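Inspection log for the structure reproduced underneath, given as structure tokens.
The values are calculated or read from the model by the stated rules, or taken from the named source; none is laboratory data. The shown structure was predicted, so the numbers you read here are calculated from the model rather than taken from an experiment. Quick reminder, even Gly has a Cβ in these numbers, built from the backbone with ideal geometry, and neighbours come from all protein chains shown.
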């Protein structure tokens, strides 16, 4: 029998859906779990990647544990010092390639810079398979300047939304009856396509070996999951969207205005989390090649990140990166000011802020600047790992998944939770 190739496709109504890779080389989709939130305990996750990194000496603090001395970049966060942990030394095993490593920031997939690289599922999309159906939007993929950092189980990049105005409309504006009808028709068309795919797959299955039959069963299971997702989308179409005390935003036209662009996107993230429109958000941060409009900055941001230890460039770079941290501190404070039962919205939201670059100047992908904030973790310390022999960054993602009440003990290269970052009992 001629084996099925990876390039085999099922054609249905002009939509191509790739068949799985056979002979035991495809990974099994995770079985969706119970998306209900016990006792109103709604957990969330936010992942932020800063593509141009952070200057290490100003990011990492002096000392370890709870008695660390805050670095310049951590100073704006000291009002919520007990709600975050700064982590040094971490990296993704075999993830290199400089800027290309952004593709693997949330996946841990090895060698993203090599030709023929095939990515894997990002941690947010993995979590969405378990809890995504509980909200109108299973996840939100956002970006200010860069690329998406969210990837499907097939390793396909999920397009990112970069305009806050469109995001606001998606989250909170009901749309006309005609628009809702069009949306419903698209969903129903998708369900019809799934039916055709299932029918056509039966002909493929007739001459398969036992192992390929098992792989195809797993593929069909994922198709059924897609069908259920479409049914869930149909149920949400006529449900009223949340009402928020905010006018629709206008996008910031000046791309050099880092402060307002980032603040506006953080405002949208805050509203999405507060209204429980989604529980999973990723954001690829700003990465402008141009000159950012901040006093004292006279050179392009990307050029400054490749400072080559030039003191003048480092000073200008620090102005930009300190502003990033100040705006992030504003977001944490807003989340912490909102009560949700016995906890705050920050307590309910596990956040990772970091970068795929440890040293942007040399395109190094080790000793990544990582900050874990929020959630029910025992924070308030500096976890310093040996950069020559660190645990994988994906261990932190396992901790985040467990915080979401997802019963897993591994993800990608992560084989356990991150040592030193423990969940509180309460």
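Points worth noting:
- Residue match in segment 243-263 (condition: within 19 Å of residue 336 (Cβ to Cβ) and assigned to a helix (DSSP H, G or I)): yes
- For the residues 312, 295, the requirement of being surrounded by fewer than 16 Cβ atoms within 10 Å (Cβ to Cβ) and part of a helix (DSSP H, G or I) singles out 312.
- So residue 238, is it out of contact with any strand residue (DSSP E or B) (no Cβ under 8 Å at 6 or more places or on another chain), modelled with pLDDT of 95 or more and either under 21 Å from residue 169 (Cα atoms) or assigned by TED's automatic domain parsing to the domain that holds residue 127 (or both): no
- Screening residue 214 with (1) at pLDDT 65 or above; (2) part of a helix (DSSP H, G or I) gives one miss only, at (1).
- Residue 63 more than 14 Å from the chain's Cα centre (by Cα), on the phi > 0 side of the Ramachandran plot and buried (at least 18 other Cβ atoms within 10 Å of the Cβ): no
- Of the residues making up segment 344-363, just one is assigned to a strand (DSSP E or B) and without any contact (Cβ under 8 Å) to a residue 40 or more places away in the chain, namely 344.
- Filter pass, residue 286 being crowded, with 20+ Cβ neighbours inside 10 Å and in a loop (DSSP other than H, G, I, E, B): yes
- Count of segment 279-326 residues, restricted to those that are in contact (Cβ under 8 Å) with a residue 40 or more places away in the chain and closer than 20 Å to residue 56 by Cβ, is 20.
- Residues in segment 378-413 that are in a strand (DSSP E or B) and either without any contact (Cβ under 8 Å) to a residue 60 or more places away in the chain or more than 19 Å from the chain's Cα centre (by Cα) (or both): 382, 383, 384.
- Unique residue being assigned by TED's automatic domain parsing to the domain that holds residue 298, under 24 Å from residue 67 (Cα atoms) and out of contact with any strand residue (DSSP E or B) (no Cβ under 8 Å at 6 or more places or on another chain) when the list is 384, 329, 360, 373: 329
- Of note, residue 130 does not satisfy the criterion of being part of a loop (DSSP other than H, G, I, E, B), touching a residue at least 40 places away in the same chain (Cβ under 8 Å) and within 29 Å of residue 40 (Cα to Cα).
- Condition met for residue 24 (modelled with pLDDT under 95 and not in a strand (DSSP E or B)): yes
- Segment 409-426, residues that are surrounded by fewer than 17 Cβ atoms within 10 Å (Cβ to Cβ) and under 21 Å from residue 131 (Cβ atoms): 409, 410, 423, 424
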